[in-house]
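The values are calculated or read from the model by the stated rules, or taken from the named source; none is laboratory data. A quick note: this is a predicted structure, and the numbers were derived from the prediction, not measured. So basically every Cβ, Gly included, is an ideal-geometry build from the backbone, and we count neighbours across all protein chains shown.
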């Protein structure tokens, strides 16, 4: 069973609008990817296709866009603990070129949590299930009321 997840807010903190480049529905220039939580696997999943505006090498996605997608998938995982956590560092392995105009899937999962330090992983797969790119990231939980006070709904 999966449940749709929207934006970067948690059930405890709501942002006024979501302008995130990857998942923000309020960003007219954004990708508007929609993630769902697969509860059984505790994995956040998004199925998508990339258009020519994301071109890097001919017919394939730019590496920076791949990193953005992986970062967002890993960031969604922090919702399992109802925290807002920001990326401290991440590594990306580009295993195969990520094609444009093809069915793709990104999955984000938790590796470990130590206090406010969340270690997550993500991968982009093609329609055959082959891993094209993968990442690992460290996220630091923050107090959103302090950091984003002027943006929070009242």
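Scanning region 99-143 for residues that are touching a helix residue (DSSP H, G or I) at 6+ places or on another chain (Cβ under 9 Å) and not in a strand (DSSP E or B), which turns out nearest to residue 71 (Cα to Cα)?
Here the residue is 100.
Hey, could you check region 27-42 for residues that are in a strand (DSSP E or B) and touching a helix residue (DSSP H, G or I) at 6+ places or on another chain (Cβ under 8 Å) and say which is surrounded by the most Cβ atoms within 10 Å (Cβ to Cβ)?
35
Do you know which residues across region 88-116 are within 22 Å of residue 37 (Cα to Cα) and in contact with a strand residue (DSSP E or B) (Cβ under 6 Å, 6 or more places away or on another chain)?
Within region 88-116, 90, 104, 105, 106, 107, 108, 109, 110, 111, 112, 116 qualify.
Identify, by number, the condition in (1) touching a residue at least 40 places away in the same chain (Cβ under 8 Å); (2) part of a loop (DSSP other than H, G, I, E, B) that residue 72 doesn't meet.
Only one criterion in (1) touching a residue at least 40 places away in the same chain (Cβ under 8 Å); (2) part of a loop (DSSP other than H, G, I, E, B) is unmet by residue 72, namely (2).
Is there a residue being in contact with a helix residue (DSSP H, G or I) (Cβ under 9 Å, 6 or more places away or on another chain) and surrounded by fewer than 16 Cβ atoms within 10 Å (Cβ to Cβ) anywhere in region 72-84?
Looking through region 72-84, none of the residues is in contact with a helix residue (DSSP H, G or I) (Cβ under 9 Å, 6 or more places away or on another chain) and surrounded by fewer than 16 Cβ atoms within 10 Å (Cβ to Cβ).
Taking only pairs six or more apart or across chains, which ones have beta-carbon atoms under 9 Å, a first residue in region 115-132 that is exposed (fewer than 13 other Cβ atoms within 10 Å of the Cβ), and a second residue that is modelled with pLDDT of 95 or more and not in a strand (DSSP E or B)?
Pairs found: 127/102; 127/103; 130/95; 130/96.
Among the residues of region 49-69 satisfying the criterion of being surrounded by fewer than 16 Cβ atoms within 10 Å (Cβ to Cβ) and in contact (Cβ under 8 Å) with a residue 24 or more places away in the chain, which is farthest from residue 105 (Cα to Cα)?
That would be 57.
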